[in-house]
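Notes follow once the structure below has been shown.
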Amino acid sequence: MADQEETHTNGSGDNQDSPATAKKSGRTSLLDSGEDFEVLDDVDEDVDDDLPPLEDAGGHKKKSSGEEESAQAEGANVTELSAPQEEWLDVLGNGLLKKKVLEPGSGPDSKPQRGQNVTVRLRSSLADGTVVEEEPNLSFTLGDGDVIQALDLTVQLMETGEKALVETDAKYAYGALGSVTPAVPPDTALTLELELLSASDAPDLELMSPAERIQLASQKRERGNVYYQRGDYAFAVNSYSIALQITEASSKVDISPQEEEELLDVKVKCLNNMAAAQLKLDHYDAALRSCVSVLAHQPDNIKALFRKGKVLALQGEYAEAIRILKRALKLEPSSKTIHAELSKLVKKHSEQKGAEQAMYKKMLGNPADSSAQKRQAKTSWGVSWKWLFGATAVAIGGVALSVVIAARN
């Protein structure tokens, strides 16, 4: 039950295609974390992060003229003191993401805003100095999750033209899984050298050409696939949601039927993948809505039917789930995944019905047993009555015989 370029399946029938492999094969199996972005407090732009330490900011007692002359004599051959080293900014307050300004930019007013498109020069290296990534012009939408969290969070604090050094824990880089491209080992901290080259407003979706919207929506969807494969399901849902907004935006540009079909195709894939991620997060109602949305456009979409059946089963709606899965199996009889899920569900439903029947019998006092007891009681009474009647007849007969014998005598 795939959802990427309408592709492949894993054991549960959820399929994804990562950006790294989709272009080559178009197929990869989907891969539980779901970490949301850390919430940053608003930064006061009036605060000067470049202030020197307090001990260097003056406030000491003024020396006497003698002390000053002595100090001048002792430091006659000493050059001017160097400026204090730039301070590190603890971005999240947990010591795991720090930023230091190397060269200031164009001022606080030039800081980018979430939703803007930014371009940065990036150089990433390991603790031993090994360079793992160099991007002279890396462009992304700030706050959309297009890049690692360390970039998304720190670039928001930079001024245009600013150069900065960022030290990030693996948590805000490539995490416990690491990365193949770039080559970053698992649980590895990174040092990022950054320069914010530009920041500009994102283009108006209504004025974008259909081809541009299709490309942009596909990029966001592929980013969601990457998050899904890494087990970051909440991030995946966020990327899929952004892609859906792009596909659903109104347009002031003429669009051909073929382009409409392509946008719908991207939308359906996003909804299917979103349902898969929502299932991983146990967001059953949301997953069901995603499946229903797909089926509103494509009533015979196998993946949506399969996932809808799974959601209904998880919600205890076994009869309806079985009906949906039977429909899916009829559309794709060769699917072992649907067949296995349906067989498992039918067994559960049978067990549930058996348990319910036993419960009803117990609630009603086991009427079947009561009927048997009544029949047994009736039978016992019939036997007793016949025995009593026979015994009485024998007694009466005995008395009559005694009377006759006495009369003869």
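Throughout, read-outs are computed from the coordinates displayed, never taken from laboratory work. In this text the structure is predicted, and so the values were computed from the model without any measurement. Quick reminder, even Gly has a Cβ in these numbers, built from the backbone with ideal geometry, and neighbours come from all protein chains shown.
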Return a whole-number percent for the relative contact order of segment 85-202, with Cα pairs under 8 Å and 6 or more residues apart as the contact set.
-> 33 percent
Mind listing the long-range amide H neighbours of Glu133? Cut-off is under 5 Å, sequence gap 5 or more, other chains count too, H placed in the peptide plane at 1.01 Å from N.
-> Ser124
When the Debye formula is applied to the Cα atoms of segment 85-202, each taken as the same point scatterer, what base-10 log of I(q)/I(0) results at q = 0.12, 0.17 Å⁻¹?
-> -0.39, -0.80
In order over segment 218-235: 3J(HN,Hα) from phi, Karplus 6.51/-1.76/1.60, θ = phi - 60°, whole Hz, x for each Gly or Pro, gives 5, 4, 5, 5, 5, 5, x, 5, 4, 4, 4, 4, 8, x, 8, 5, 5, 5
Would you mind calculating the gained length between Gln298 and Val253 on full extension (0.36 nm times residue separation, minus the Cα-Cα distance), in nm to one decimal?
-> 13.6 nm
Would you mind calculating the gained length between Asp285 and Val131 on full extension (0.36 nm times residue separation, minus the Cα-Cα distance), in nm to one decimal?
-> 50.9 nm
Virtual spin-label span in nm between Glu260 and Ala176, 7 Å along Cα→Cβ | 4.7 nm
Cβ-Cβ cut-off under 12 Å around Val292, Lys and Arg +1, Asp and Glu -1: the net charge is +2
For every other residue with a beta carbon closer than 9 angstrom to the beta carbon of Arg223, add +1 if it is Lys or Arg and -1 if Asp or Glu, then tell me the sum.
-> -1
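Would you kindly work out the equivalent ellipsoid of segment 185-226 from its C-alpha gyration tensor and give its semi-axes, the square roots of five times the eigenvalues, largest first in whole Å?
30, 19, 6
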Per residue, the convex hull volume that the Cα atoms of segment 117-265 enclose (Å³) | 111 Å³
So what is the diffusion coefficient of segment 147-194 in µm² per second by Stokes-Einstein at 4 °C and 1.567 mPa s, using a Kirkwood Rh over Cα pairs?
-> 116 µm²/s
